[in-house]
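The values are calculated or read from the model by the stated rules, or taken from the named source; none is laboratory data. Predicted model only: the values in this text are computed from it and were never measured. Here the Cβ positions follow ideal geometry from the backbone for every residue, glycine too, while neighbour counts run over all protein chains shown.
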Amino acid sequence: MPKYHVYKDSGVEWLGEIPEGWEKVRFRNFFKFSKGLNITKENLQEKGIPCVNYGEIHSKYGFEFSPEKHPLKCVSEDYLKVSPKALLQRGDFVFADTSEDINGSGNFTQLIGDHDVFAGYHTIIARPRKSNNHRFLAYVLESISYRNQIRQKVKGVKVYSITKSILKNTFVWLPPRPEQKTIADFLDRKTGQIDAAVAIKKKQIKLLKERKQILIQHAVTQGLNPDAAKRDSGVEWIGEIPEGWKVKRIKFLFSIGRGRVISQQKLDDSGSYPVYSSQTKDNGVLGYINTYDFDCQQITWTTDGANAGTVFLREGKHNCTNVCGTLQPTNNRLSLKFITNALGVAAQFYKRPDTNGAKIMNGEMSEVFVTFPPFPEQKEIAEYIEKESAKIDQAIHLNQQQIEKLNEYKTTLINSAVTGKIKIPGKLEAFS
């Protein structure tokens, strides 16, 4: 894409040169500040005045929101009288004043409607003093060049605090008004196309995961021979199974236990024996300690929370935290890979409701039914599932890589456009 003919020194090392005719403005001189409501989650209700809190900014409605499109909890209309400064206007920016990671520092949302909306707990309101293109400003605040200013100033270990003082001492930069609109319109169009492509990729990933689950469920309940004679399993969710297969409860195949409490203070970043926890992403390694509880193949499952019933096969010397249940085989005619897949399907039917999502504790797990083919067939089915799942996992991985590349492109495009590294022509048809 073309560049501007003339650039000038911005006077800020990290920003470098900006186009001639653009101005650099300190944040404190361009925005008025106020705080969100001094409330807690207990003050939120189903009816009243919509209220956007830092949780929605971080996880739901970053960049922009409107009560017409984005569901929000509400607060009492009494706050209209007692906290009018927390009431938002169209174009206001609402920053989350804390973040659990450095990359989330500076996360914001912008009100794009004309409805009465409050900024809620853990938020800072920034209202532009001058008349400029609010959409362009949003892209500036979303850019890496702006975000890096905040990331260099925030302090914290597990929680990063974003204060008014930090925001006031950052810079924004502005082209002439007509150019602001041109850039904003271009980015709306291009980022919309990128977001649509990402949505397609996410849908493909969802369908691939569903396909994988169907493949596993069919293999562990119907086997690999479509012509095999069938009989009723006696378990409603399993239905018919091949002749010669059995159905058994977990308590007759395994010794059931649980991981132990391992405090954060005992964990190291490296060591001899991994500690697994269902609380980490993809059920990964939480850390390492120099002793171990288990020295064998073992099946573990997530006992409670959003991922209750998720099942994994562990091998070698390892440990598990107390949010994992453990299964040690008591029958040597078991393919643990087969049982892991069969149990992963079965466990979803035995979870009980809980305020935090669901639970499947030792008592429920002991009563879970799994299919039990002859041992050679268990191994054959496990190998088939492993082979076919690898193909699907590779397709999922490729889609995830493509999403990462699209998001990287979006980030680069926004930053290049709003800092003047590229020039957006007045006619956008060529870039549709």
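Pick out, from the range 200-306, the strands (runs of 3 or more DSSP E) lying fully within it that include 2 or more residues that are in the same structural domain as PHE372 (by TED's automatic domain parsing), in contact with a Pro (Cβ under 9 Å, 6 or more places away or on another chain) and under 27 Å from THR330 (Cβ atoms).
On the way: elements: 230-232, 240-242, 246-249, 254-258, 273-276, 285-289, 298-302.
Because the criterion is at least 2 residues that are in the same structural domain as PHE372 (by TED's automatic domain parsing), in contact with a Pro (Cβ under 9 Å, 6 or more places away or on another chain) and under 27 Å from THR330 (Cβ atoms), the strands (runs of 3 or more DSSP E) in the range 200-306 that meet it are 240-242, 254-258, 298-302.
The rows are residues; the columns are (1) part of a strand (DSSP E or B); (2) hydroxyl-bearing (Ser, Thr, Tyr); (3) surrounded by 13 or more Cβ atoms within 10 Å (Cβ to Cβ); (4) in contact with a helix residue (DSSP H, G or I) (Cβ under 9 Å, 6 or more places away or on another chain).
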| site | (1), (2), (3), (4) |
| --- | --- |
| TYR4 | no, yes, yes, no |
| SER34 | yes, yes, yes, yes |
| LEU37 | no, no, yes, yes |
| GLU42 | no, no, no, no |
| HIS58 | no, no, yes, yes |
| LYS81 | no, no, no, no |
If you go through the range 6-32 one residue at a time, how many are in contact (Cβ under 8 Å) with a residue 24 or more places away in the chain, outside any helix (DSSP H, G or I) and over 21 Å from ILE424 (Cβ atoms)? 5
It is to be established whether one or more residues within the range 71-78 are of a type outside the set (Asp, Glu), free of Cβ contacts under 8 Å to residues at least 60 places away in the same chain and touching a Pro at 6+ places or on another chain (Cβ under 6 Å). yes
Criterion first (under 18 Å from THR340 (Cα atoms), in contact with a strand residue (DSSP E or B) (Cβ under 9 Å, 6 or more places away or on another chain) and not in a strand (DSSP E or B)) does GLY309 satisfy it? yes
Whichever residue in the range 182-225 is polar (S, T, N, Q), within 30 Å of GLU377 (Cα to Cα) and surrounded by 18 or more Cβ atoms within 10 Å (Cβ to Cβ) and, among such residues, is nearest to the chain's Cα centre (by Cα): GLN217
